[in-house]
1. When the chain is fully extended, how far beyond the present Cα-Cα distance does residue 54 get from residue 109, taking 0.36 nm per residue of separation?
2. Among 15, 50, which comes first, second and so on when ranked by fewest other beta-carbon atoms within 10 Å?
3. Can you put 51, 113 in order of Cβ neighbours within 10 angstrom, beginning with the fewest?
4. Would you kindly compute the Cα radius of gyration of the range 33-178 and its largest Cα-Cα separation (Dmax), both in Å?
5. Got a sec? Which residues in the range 72-98 would a label at residue 24 touch, if it sits 7 Å along Cα→Cβ and we count backbone N under 17 Å?
């Protein structure tokens, strides 16, 4: 083998090594890694959802002024923990969240609000910086594909959370109203 052929073979090997290392680096940086041992992020998500709830005061009719005689406001949640993935400097936390809030007004229990939907929370430095939920209507499927990895989309449905759990917690918490 000539020196020229040896140099060509060495050059090809070096190029292949560089290409392989580049591929690994790109794949590592862009691939979402599944994260374990960060369950406290789910607690942050739950506290964030609770903090977003505010009492909506019951109006007897649309022209009346709000009745501010409200007390014992409480938010109840049930979270389906779907996964935590890391990508570059972000951590994505996926949940299906059932959130309902109640309060007592004039001695009556009022269902303030409620929702049940999937979320993708975006964390940087262990703090929530944003979140995404799928849109309703004809663009729902596209938004689900954009927000959730394929392996999670197959799992998403409202049966992941338990309405009965919340009903029982509400019944127990507000049991003093039935006395």
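1. Values: separation 55, 0.36 × 55 = 19.80 nm, distance 1.54 nm.
In short, 18.3 nm is gained.
2. Values: 15 10, 50 14.
Arranged by neighbour count, lowest to highest, 15, 50 become 15, 50.
3. Numbers: 51 9, 113 13.
Going from least to most buried by this count: 51, 113.
4. Values for the range 33-178 (Cα only, Rg and Dmax): 17.7, 53 Å.
5. Under cut-off, by backbone N: nothing.
Since every read-out is calculated from the coordinates, none of them should be taken as a lab result. Remember, it's a predicted structure, so these values are computed and weren't measured experimentally. With ideal geometry, Cβ positions are generated from the backbone for all residues, glycine too; neighbour counts draw on all protein chains shown.
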